[in-house]
Amino acid sequence: MKAEPRARTPDRQFVIIGAGMCGLYQLHKLLRMGADVTVLERGDDVGGTWYWNRYPGCRFDSESYTYGYSFSKELLAEWDWTEHFSPQPENLRYVNHVVDKFELRPHIQFSCDLKRAVWDDEHRIWTLELADGRTLTCRYLLTAIGLLSAPTMPRLAGMDSFRGPSFHTYHWPKEPVELAGKRVAVIGTGATGVQLIGAIAGQVGELTVFQRRPNWCAPLHNAPISAAEMASIRARYAEIFKKCDNTPGGFIHGPDRRRVAEVPRGERLAFWERLYATPGFAIWLGNFRDVLMDEAANAEFSAFVADKIRERVTDPVLAEKLIPKDHGFGVQRVPMETGYYEAYNRDNVHLVSIGETPIERITPTGIRTSERDYEFDLIVYATGFDAVTGAFDGIDFVGTEGRRLRDYWRDGPLTYLGLQVAGFPNMFMLAGPQSASLSTNFPRGIETVVDWASGLFEHVVQRGIHRVEPTPDAQAQWTAHVEEMYQGLLLRKAKSWFTGYNSNVEGHDKIRYMIYNGGAPRYRQRLAEVAQQGYAGFRLG
Ligand code: NAP
């Protein structure tokens, strides 16, 4: 007869991986519950995204006052944002302020690079193995490892041979990088490259941008926040967060319920002009609802934005190279720009379309394309991330009966609510694939998940439950629902991280259903129902 499993006492009840926005909030909640918890962070300080990404121009694309945590009135009352879209140094100061205010730092262990996590079903504990050989056991393993935290480099010959400095934007050095007078190459024109290019065009000697496919970018319209504006924002915080709660993306911008064809052409052009002049994601998320769903509506709006690019770029041949031809506006993440198109009007900025003249190799002195050799002092790779699942693939998670997460997810993630995976009991993904936090203004999404998960943790701790795992049925239904939510959207046809594509990673050349497109309100509703039904879909034992 098989012996009854006996829960052994682990070193810690809860271990959170990652001290970014998500992990820190979960830490705060668990400490308030009186739980035994520690955070393992691979960096040497807090901040996650805002710790690593230090490239010039890095800033929020969310309105600053919608990005901060909403859980503490005191925090809201004392923190002043200085810009509508706050820059990285200020964001990192904010995270540190939160950590100090809520006395979180003593509960965080730095330079802890988790390499392997193995579930022991007999004793109901996870054993965590760090890169430096240390181990730690815990009952509950909570991942807050980021969705864009596994940077990917191109696979180009000669990359190690370049004699000057070269790095991915995610690894932009902490020390100041000398740009004045330098010949700089930037490879990649996603949201990161576009921020960087706009910021450094006027600082460097020569800037050469290597563009594979152009993106549809839109003006951010950043501006300082005056003391009077900050006072007004502070007085309206409740209203602002309520508004974010009611939009699909957790932003202050929600879709206009009208369809393009319902609005006379003159009126819709005037509406689009207003959107183009509005700060932030209004142009993407506040547009007519069919722009992201219907080919004809999308084509008409894309033509409107293409004309804006033509107006802003003086060389008509260059303008055409900057206008995407293979996808419509907004079906990939819209990079928000500050002077991006105008950068190409400068004499010191050059565009190389590597669709026409591919990069052949990196040389000791620069980059060789099929057309010619270029010499550089610095090469920056703004080539994106092995998004969402990359950070998970970087850790060897071993579940019941030796199931390995990276194998189990080879063709795409399988999850229940984006929170748990069958075969991986007691592991909770606080910002996991297929949860709404990934497709939402991040802090709004993670507050939802962390609040809900904390309720579940309280429930199981109070009842002495030692094991939580989703049923395979619940997982299959959720994964099918996630896939279904892609069907009405044009983004399903685009090759971007929303659909799991990355040319730099073996096997990531077909669609994988990474994000939840059903909207934050629907996701919250679903979570609430699951809890009300006694955590339906989870096996608690
Ligand atoms: P990305 O959107 O994936 O863009 C990567 C860029 O590099 C693309 O232009 C891509 O070209 C190019 N590229 C990749 N591999 C290449 C190769 N082998 N050769 C040549 N070009 C290559 O990555 P990202 O710009 O880092 O942005 C990722 C996400 O981070 C964004 O979508 C956004 O969610 C987030 N982000 C947020 C903020 C913010 O909120 N403030 C700022 C920056 C980024 P193709 O298009 O042809 O693949």
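Out of all the residues in the range 281-299, which are part of a helix (DSSP H, G or I), hydrophobic (A, V, I, L, M, F, W, C) and free of Cβ contacts under 8 Å to residues at least 60 places away in the same chain?
Passing the criteria: Ala282, Leu285, Val291, Ala296, Ala297, Ala299.
Yes/no per residue for (1) of a type outside the set (Phe, Trp, Tyr); (2) open to solvent by 40 Å² or more (accessible area, probe 1.4 Å); (3) out of contact with any Pro (no Cβ under 7 Å at 6 or more places or on another chain):
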site: Glu122; (1), (2), (3): yes, yes, no
site: Trp126; (1), (2), (3): no, no, yes
site: Cys138; (1), (2), (3): yes, no, no
site: Ala150; (1), (2), (3): yes, no, yes
site: Arg155; (1), (2), (3): yes, yes, yes
site: Tyr170; (1), (2), (3): no, no, no
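I'm checking my understanding of the structure. Among residues of the range 333-358 that are in contact with a helix residue (DSSP H, G or I) (Cβ under 7 Å, 6 or more places away or on another chain) and assigned to a loop (DSSP other than H, G, I, E, B), which one is nearest to the ligand (Cβ to nearest atom)?
Arg333
What number of residues within the range 110-120 are surrounded by 18 or more Cβ atoms within 10 Å (Cβ to Cβ) and of a type in the set (Ser, Thr, Tyr)?
Of the residues in the range 110-120, 0 are surrounded by 18 or more Cβ atoms within 10 Å (Cβ to Cβ) and of a type in the set (Ser, Thr, Tyr).
Only residues that are open to solvent by less than 40 Å² (accessible area, probe 1.4 Å), touching a residue at least 40 places away in the same chain (Cβ under 8 Å) and over 20 Å from Arg234 (Cβ atoms): list them for the range 80-109, please.
Leu92, Asn96, Val99, Leu104, Ile108
Just need a number here: residues in the range 398-414 that are within 17 Å of Gly500 (Cα to Cα) and surrounded by 17 or more Cβ atoms within 10 Å (Cβ to Cβ).
Counting residues in the range 398-414 that are within 17 Å of Gly500 (Cα to Cα) and surrounded by 17 or more Cβ atoms within 10 Å (Cβ to Cβ) gives 5.
With the condition kept exactly as written, say whether any residue in the range 67-78 is at pLDDT 95 or above, within 17 Å of the chain's Cα centre (by Cα), on the phi > 0 side of the Ramachandran plot and surrounded by 20 or more Cβ atoms within 10 Å (Cβ to Cβ).
no
Quick check on the range 374-397: of everything there that is farther than 21 Å from Gly20 by Cβ and open to solvent by 10 Å² or more (accessible area, probe 1.4 Å), which residue is farthest from the ligand (Cβ to nearest atom)?
Asp396
Ala436 versus (1) within 16 Å of the ligand (Cβ to nearest atom); (2) open to solvent by 50 Å² or more (accessible area, probe 1.4 Å): which is the lone unmet condition?
(2)
Could you tell me whether any residue of the range 480-487 is touching a helix residue (DSSP H, G or I) at 6+ places or on another chain (Cβ under 7 Å) and either open to solvent by less than 70 Å² (accessible area, probe 1.4 Å) or more than 22 Å from Asp245 (Cα to Cα) (or both)?
yes
Identify, please: which residue in the range 231-274 is hydroxyl-bearing (Ser, Thr, Tyr) and in contact (Cβ under 8 Å) with a residue 24 or more places away in the chain and is, among those, farthest from Leu76 (Cα to Cα)?
Thr247
Is one or more of the residues making up the range 28-49 in contact with a His (Cβ under 8 Å, 6 or more places away or on another chain) and within 16 Å of the ligand (Cβ to nearest atom)?
Checked the range 28-49: no residue is in contact with a His (Cβ under 8 Å, 6 or more places away or on another chain) and within 16 Å of the ligand (Cβ to nearest atom).
Kindly indicate the residue of the range 80-116 that is assigned to a loop (DSSP other than H, G, I, E, B) and among the polar types (S, T, N, Q) and also farthest from Arg403 (Cα to Cα) among those meeting that condition.
Thr82
Which one of Asp509, Asp473, Asp451 is in contact with a helix residue (DSSP H, G or I) (Cβ under 8 Å, 6 or more places away or on another chain) and surrounded by fewer than 16 Cβ atoms within 10 Å (Cβ to Cβ)?
After ruling out the rest, the residue left standing is Asp451.
Go through (1) among the small types (Gly, Ala, Ser); (2) within 15 Å of the ligand (Cβ to nearest atom); (3) surrounded by 14 or more Cβ atoms within 10 Å (Cβ to Cβ) for Ser370 and report which single condition fails.
(3)
Can you confirm whether Gly328 is buried (at least 21 other Cβ atoms within 10 Å of the Cβ) and not hydrophobic (A, V, I, L, M, F, W, C)?
yes
Might you let me know whether the range 95-106 holds any residue that is modelled with pLDDT of 95 or more and within 16 Å of the ligand (Cβ to nearest atom)?
Yes, the range 95-106 contains at least one residue that is modelled with pLDDT of 95 or more and within 16 Å of the ligand (Cβ to nearest atom).
Do we find a residue being at pLDDT 95 or above and at positive phi anywhere in the range 395-406?
So far as the range 395-406 goes, yes, one or more of its residues are at pLDDT 95 or above and at positive phi.
With Arg312, Arg346 as the choices, which residue is open to solvent by 10 Å² or more (accessible area, probe 1.4 Å), touching a residue at least 60 places away in the same chain (Cβ under 8 Å) and under 22 Å from Gly57 (Cα atoms)?
Arg346
The values are calculated or read from the model by the stated rules, or taken from the named source; none is laboratory data. Predicted, not measured: the structure shown is a model, and the values here were computed from it. Note that each Cβ is placed from the backbone with ideal geometry, even for glycine, and that neighbours are counted across all protein chains shown. We work out accessible area using only protein heavy atoms, side chains counted, and drop any ligands, DNA or RNA first. Shrake-Rupley method; radii C 1.70, N 1.55, O 1.52, S 1.80 Å.
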